[in-house]
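Here the structure is laid out as structure tokens; the discussion comes afterwards.
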Amino acid sequence: MIKSFIKRWKLIIKEDYRKFIFMLVLLVIAARINTLAGRYTSSSGWALAPDIILDIIPAINLEFIFVYVWLGIIFFLFLYTVLIKPKKTLEVLFHWSLLLIVRATFIILTHLKTPIEAAPMVFPTLFKGLRFTNDLFFSGHTALPLVGFFVFRESKIRYFFLASSLLMGFTVLATHQHYSIDVFAAFFIAYGTFKLGQHIMKKLGWLKQKH
Amino acid sequence: MVKKRGSIFSTLKNNPLLTLISLILLALAIFISKISIKKTLSIQGIEPARDLILTNFGPYNFPFNYLYLWGPVILIFTYFLYPVFCKREKIFYYLNMFSFLYLTRAFSILLTNLKNPSDAIFPKMIYFPSESNDLLFSGHVGLAFLSYLMFKEDSKIMKTIALIATFLMVITVLALHVHYSIDVFAAFFIVYGIYKIGGAIKIYYDKK
């Protein structure tokens with residue numbers, strides 16, 4: 001099984017090694033842009049806003065879900081793609097990169113402040129670099145699992161990623177880490193970015209399957 | 001499917017159920033939008049947010065005040081007159097998409113209430129309150145972009161006009177500082193989503 005897996009991957013990389021190099025470079029650039037944008041927002045939070053949902057529900061500490069379940073979902077999506085659907089790896093990484101770039105752009109545009117009553121969230125040391133404040137519009141916790149829902153929309157696993165996204169949407173609201181508009185817009189922006197990504201990939205000739 | 005023949009009135013008369021549903025939806029969209037906008041005024045945000053684009057651009061009044069007032073009026077007329085004269089079979093599709101857009105907006109503006117940019121210039125409006133707090137997402141940009149998406153299916157010229165109108169609306173609301181930049185850029189994504197959902201509903205009912 002391992003041998004066939006390695007053989008399969010060797011074949012994929014042999015066929016598409018240029019695309020993989022490009023993809024990895026893009027992912028590193030997207031992650032870097034996201035980090036810079038996150039640092040910028042952490043130092044420039046400005047306005048607090050009343051929120052129809054946050055005003056009703058009190059802040060609950062769901063740190064475990066916010067940090068560990070979310071990381072688990074992202075790793076699961078990555079591992080599922082690499083192990084079960086290796087041919088979709090480029091697609092998932094491409095959509096993630098694009099989403100990170102779009103999110104970095106949005107968060108630096110209008111400077112909102114994380115709600116005061118938001119419970120503090122501590123990421124494990126290895127992932128501390130992922131934790132910023134005031135990076136609000138739109139919710140990355142909600143949007144990133146949606147990539148799995150869109151990419152694997154012909155498989156039943158899509159329901160898992162949709163449920164994950166909904167769970168994360170609920171968690172970021174319950175913990176008051178995001179305003180409700182950040183969550184609401186995340187679904188639309190994730191979809192729009194996915195369609196844009198597909199369009200670019202088609203233009204580049206990277207999408208061979210029927211979509 | 002819509003039966004198409006005769007005048008606009010006969011189209012409406014030949015499709016009584018669709019006409020009724022579409023008009024109810026439109027009335028709901030207008031009514032709920034008005035209530036939502038009033039509500040946002042009563043729960044105005046605590047403080048204005050700082051915005052990267054607004055800090056470095058404007059505010060400018062002329063000619064954007066005229067574009068802000070008359071742009072949507074011209075857009076609405078064009079949006080509805082085009083199917084009336086050129087695509088009669090799509091009149092209900094156009095109408096329902098418009099209602100769907102404004103219902104979604106009525107919901108989204110209620111969620112999080114930022115305060116208007118402090119230096120916003122609000123031209124006087126007739127039907128809606130001139131100074132409002134309905135920020136995310138921009139209805140001016142939303143309507144123009146929806147027109148672009150709808151016309152794209154049918155006419156190259158109309159598509160180009162709507163694209164220019166979208167660009168003008170973006171510049172207008174940003175120049176007047178009546179919207180933050182996220183309101184403007186999010187409008188594209190949200191309207192695209194609405195257009196896709198509305199299109200899927202139409203296909204479903206057409207098959208039925």
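In region B:74-81, is there at least one residue being at pLDDT 90 or above and surrounded by 19 or more Cβ atoms within 10 Å (Cβ to Cβ)? Yes, some residue in region B:74-81 is at pLDDT 90 or above and surrounded by 19 or more Cβ atoms within 10 Å (Cβ to Cβ).
Evaluating residue B:65 against the criteria (1) under 30 Å from residue A:112 (Cα atoms); (2) buried (at least 21 other Cβ atoms within 10 Å of the Cβ) leaves one unmet condition, (2). For region A:24-35, the criterion of a residue being of a type in the set (A, V, I, L, M) and closer than 25 Å to residue B:180 by Cβ is satisfied by at least one position. Only one entry in A:12, A:73, A:33 is at pLDDT below 85, within 25 Å of residue A:145 (Cα to Cα) and assigned to a helix (DSSP H, G or I), namely A:12.
Report, by residue number, each residue of region A:128-139 that is surrounded by fewer than 24 Cβ atoms within 10 Å (Cβ to Cβ) and of a type outside the set (A, V, I, L, M). Before the answer, list the steps.
Start the filter on region A:128-139 by keeping residues that are surrounded by fewer than 24 Cβ atoms within 10 Å (Cβ to Cβ), which leaves A:128-134.
Across region A:128-139, the qualifying residues are A:128, A:129, A:131, A:132, A:133, A:134.
Does region B:101-119 contain at least one residue that is farther than 24 Å from residue A:135 by Cβ and out of contact with any helix residue (DSSP H, G or I) (no Cβ under 9 Å at 6 or more places or on another chain)? The answer is no; no qualifying residue exists. Inside region B:177-208, residues that are more than 13 Å from every other protein chain (Cβ to nearest Cβ) and surrounded by 24 or more Cβ atoms within 10 Å (Cβ to Cβ) make up a count of 1. Within region A:33-48, which residues are away from chain B (no Cβ under 14 Å) and either among the hydrophobic types (A, V, I, L, M, F, W, C) or crowded, with 17+ Cβ neighbours inside 10 Å (or both)? Hits for region A:33-48 are A:33, A:34, A:38. Look at residue A:118 and say whether it is touching a residue at least 40 places away in the same chain (Cβ under 8 Å) and in contact with a Gly (Cβ under 7 Å, 6 or more places away or on another chain). Here the answer is no, as residue A:118 does not meet what is asked.
Scanning region A:94-147 for residues that are within 9 Å of the chain's Cα centre (by Cα) and among the aromatic types (Phe, Trp, Tyr) returns a single hit, A:96. Of the residues that sit in region B:29-60 and are in a loop (DSSP other than H, G, I, E, B) and not aliphatic (A, V, I, L, M), which one is surrounded by the most Cβ atoms within 10 Å (Cβ to Cβ)? Ranking the qualifying residues of region B:29-60, first place goes to B:45.
Applying the criterion of at least 2 residues that are β-branched (Val, Ile, Thr) and either closer than 20 Å to residue A:28 by Cβ or within 14 Å of another protein chain (Cβ to nearest Cβ) (or both) to the helices (runs of 4 or more DSSP H) found wholly in region A:88-204 leaves A:89-109, A:140-151, A:180-204. Is it the case that residue B:166 is crowded, with 16+ Cβ neighbours inside 10 Å, hydroxyl-bearing (Ser, Thr, Tyr) and away from chain A (no Cβ under 14 Å)? Yes, satisfied.
One residue stands out among those in region A:49-85 that are of a type outside the set (A, V, I, L, M, F, W, C) and within 14 Å of another protein chain (Cβ to nearest Cβ): the one that is surrounded by the fewest Cβ atoms within 10 Å (Cβ to Cβ), which is A:55. Under 17 Å from residue B:176 (Cβ atoms), touching a helix residue (DSSP H, G or I) at 6+ places or on another chain (Cβ under 7 Å) and touching a residue at least 40 places away in the same chain (Cβ under 8 Å) - does that describe any residue in region B:75-83? Yes, the conditions are met somewhere in region B:75-83.
Conditions tested, residue by residue: (1) touching an Asp or Glu at 6+ places or on another chain (Cβ under 9 Å); (2) at pLDDT below 95; (3) surrounded by fewer than 24 Cβ atoms within 10 Å (Cβ to Cβ).
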residue	(1), (2), (3)
A:154	no, yes, yes
A:159	no, no, yes
A:167	no, no, yes
A:176	yes, yes, yes
A:179	yes, yes, no
A:185	no, no, no
A:191	no, no, yes
A:200	no, yes, yes
A:203	no, yes, yes
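The listed residues are B:118, B:108, B:132, B:155, and the only one of them that is touching a residue at least 12 places away in the same chain (Cβ under 8 Å), of a type outside the set (Lys, Arg) and surrounded by 21 or more Cβ atoms within 10 Å (Cβ to Cβ) turns out to be B:108.
Looking across B:36, B:7, one residue alone is of a type in the set (S, T, N, Q) and touching a Leu at 6+ places or on another chain (Cβ under 6 Å). It is B:36.
The values are calculated or read from the model by the stated rules, or taken from the named source; none is laboratory data. Since the structure is predicted, the reported quantities are computational estimates derived from the model, not experimental observations. Cβ sites come from the backbone with ideal geometry, for glycine too, and all protein chains shown count toward neighbours.
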